[in-house]
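The values are calculated or read from the model by the stated rules, or taken from the named source; none is laboratory data. Since the model is a prediction, treat every value here as computed from it, not as a measurement. Neighbour counts run over all protein chains shown; Cβ positions are idealised from the backbone, glycine included. Quick note on the areas: whole protein, heavy atoms, side chains included, nothing else; ligands and nucleic acids left out. Shrake-Rupley method; radii C 1.70, N 1.55, O 1.52, S 1.80 Å.
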Amino acid sequence: MTVLFFGSDHAGFPLKQAVTPIAADAGFEVRDLGTHSTESTDYPDYAHAVATAVARGEGLGVLICGTGIGMSMTANRHAGVRAALCGDVFSARMARHHNDANVLCLGARVLGVGLAEAIFRAFFEEAFDGGRHQRRVDKIELSGC
Ligand code: RB5
């Protein structure tokens, strides 16, 4: 069973609560790394926790803050993490097909719950195409820069 690590700040907490049952229904083992309330907190704490687990190869991730921007910025500082901030279903599909994204970032203050759920389902039902896209994904990682 694939482990799916969830993280949110206070702004993302309500949407995380809406999305985690869908993840469990879809067959993922859900591990919620916080936050666990709407009390104000700092998004990098949760982005680093989820990204660390994903970088170790322990599973995939979902990060939710107000816009998804801070979460994606933070998660993408981790080698091997490819976090995609998605606001539409097409981008979610392509993030998997072409970019082999391993973390989905959502903006809880941007998306309605219905669209967020559709984006979530699209992202996790797709697979990486490989081929020429593997070469490009390999070039994402900084080496000697
Ligand atoms: C919190 O107010 C907000 O800044 C945070 O959730 C996120 O949108 C940052 O990128």
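Of all the criteria given as (1) in contact (Cβ under 8 Å) with a residue 24 or more places away in the chain; (2) touching a Gly at 6+ places or on another chain (Cβ under 6 Å), the one not satisfied by Ile22 is (2). Taken over the range 15-28, residues that are in contact with a helix residue (DSSP H, G or I) (Cβ under 9 Å, 6 or more places away or on another chain) and open to solvent by less than 50 Å² (accessible area, probe 1.4 Å) amount to 6. Of all residue pairs spaced 6 or more apart or on separate chains, those with beta-carbon atoms under 7 Å, a first member in the range 65-78 that is near the ligand (Cβ under 7 Å from one of its atoms) and a second member that is open to solvent by less than 10 Å² (accessible area, probe 1.4 Å) and part of a helix (DSSP H, G or I) are Cys65/Met71; Met71/Ala47. Put simply, of Arg56, Arg31 the only residue that is over 16 Å from Leu104 (Cβ atoms) and surrounded by fewer than 21 Cβ atoms within 10 Å (Cβ to Cβ) is Arg56. Residues of the range 46-64 that are within 16 Å of the ligand (Cβ to nearest atom) and of a type in the set (Ser, Thr, Tyr): Tyr46 alone. For Phe90, indicate whether it is crowded, with 19+ Cβ neighbours inside 10 Å and more than 15 Å from the ligand (Cβ to nearest atom). Judged against the criteria, Phe90 is not a match. From the list Ala118, Ala122, Ala92, the lone residue that is modelled with pLDDT of 95 or more and under 12 Å from the mean Cα position of the chain (by Cα) is Ala92. Go through the range 52-66 and give me each residue that's more than 20 Å from Gly87 (Cβ to Cβ) and of a type outside the set (Ser, Thr, Tyr). The answer is Ala53, Val54, Ala55, Arg56, Gly57, Glu58, Gly59.
Of all residues in the range 34-53, which are surrounded by 21 or more Cβ atoms within 10 Å (Cβ to Cβ) and closer than 21 Å to Gly112 by Cα? Listed by number, the residues that qualify are Thr35, Tyr43. Arg109 meets the conditions (1) within 12 Å of the ligand (Cβ to nearest atom); (2) surrounded by 15 or more Cβ atoms within 10 Å (Cβ to Cβ); (3) more than 14 Å from the chain's Cα centre (by Cα) in every case but one. The failed one is (2).
Residue pairs whose Cβ atoms lie under 7 Å apart, sitting 6 or more positions apart in sequence or on different chains, and linking a residue in the range 92-109 that is in contact (Cβ under 8 Å) with a residue 24 or more places away in the chain to a partner that is among the acidic types (Asp, Glu) and surrounded by fewer than 24 Cβ atoms within 10 Å (Cβ to Cβ), are Arg93/Glu126; Arg96/Glu126; His97/Glu126; His97/Asp129; His98/Asp129. Counting the residues of the range 117-131 that are within 18 Å of Gly80 (Cα to Cα) and surrounded by fewer than 14 Cβ atoms within 10 Å (Cβ to Cβ) gives 2.
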